[in-house]
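Please read the structure below before turning to the comments.
The values are calculated or read from the model by the stated rules, or taken from the named source; none is laboratory data. No experiment lies behind these values; they were computed from the predicted model shown. All Cβ positions, glycine included, derive from the backbone under ideal geometry; neighbour counts span all protein chains shown.
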């Protein structure tokens, strides 16, 4: 049994299912994950959801500095005690979805890395938040539900291809580091996990006239998956059907195609057509 596991057992703390608390204690696996994340002494790291510090220790041993943000107040004493030997660690209590992340991370070297074993119920909104453009991030290394990893790694025409996959491929170069069975966690979740690496691109995968329009068009294209692209755009962007048809035609796309078939290049042409149409109407 790991020292972290012993501390939680001795504290008689109960895991909170509502916070998605499923902890890793295998010390060899934890070090493999840190190696897979590519963390070196040149990196400053934001760790989200450190729990009692089982991954925090290996991170501190590799990184220049680690900033650990934990939501559960009960875990702060355990985290502090377990990591007291590290002088390159800053522990904060707070909710990653509501704290001011630019302010919180202002003391980290730019760009910094994000490493997290995050609750599955906030995976999509958290990835979206981290990739919103407000943070100078070098890479994300995330333990996620395997189903989410499959979505992020999917390609046009595949079942998982959607707004999350488009955003990740537009801004990052996603790859699977390793799959992690549910049995590796305590308590075991109901599904297997995957350690997903998202190195951030120096520039987006495709050029667009307006990034805001690009993501709005992506969301609109997937809003009605069983409808044609023309119908989805008309409904979601509040366009006349003729206007939506013109956009699709100007982008060089089949009017009967569905959004789930579009590539990044297709979305770029489509969003640029919408941006130009709005500019012409002003």
Reported set for segment 209-232 where residues are under 13 Å from residue 274 (Cα atoms), under 29 Å from the mean Cα position of the chain (by Cα), free of Cβ contacts under 8 Å to residues at least 40 places away in the same chain and buried (at least 17 other Cβ atoms within 10 Å of the Cβ) is 220
Filter segment 242-282 for residues that are in contact with a helix residue (DSSP H, G or I) (Cβ under 7 Å, 6 or more places away or on another chain) and not in a helix (DSSP H, G or I); the one that is nearest to residue 156 (Cα to Cα) is 262
By residue number, the members of segment 149-167 that are crowded, with 21+ Cβ neighbours inside 10 Å and either in contact with a strand residue (DSSP E or B) (Cβ under 9 Å, 6 or more places away or on another chain) or part of a strand (DSSP E or B) (or both) are 149, 152
Considering segment 82-118, residues that are over 20 Å from the mean Cα position of the chain (by Cα), farther than 21 Å from residue 37 by Cα and touching a residue at least 12 places away in the same chain (Cβ under 8 Å), and then whichever is surrounded by the most Cβ atoms within 10 Å (Cβ to Cβ), we arrive at 82
Scanning segment 120-138 for residues that are in contact (Cβ under 8 Å) with a residue 40 or more places away in the chain and buried (at least 21 other Cβ atoms within 10 Å of the Cβ) gives 126, 127, 137
Flagged in segment 233-242 as crowded, with 17+ Cβ neighbours inside 10 Å and under 15 Å from residue 278 (Cα atoms), in numbering order, are 233, 234, 237, 239
Per the list (1) at pLDDT 95 or above; (2) assigned to a helix (DSSP H, G or I), residue check on residue 139 breaks on (2)
Within segment 62-75, residues being touching a strand residue (DSSP E or B) at 6+ places or on another chain (Cβ under 9 Å) and surrounded by fewer than 17 Cβ atoms within 10 Å (Cβ to Cβ) number 2
>> On the basis of being modelled with pLDDT of 90 or more, touching a helix residue (DSSP H, G or I) at 6+ places or on another chain (Cβ under 8 Å) and part of a loop (DSSP other than H, G, I, E, B), does residue 58 make the cut?
In response: no
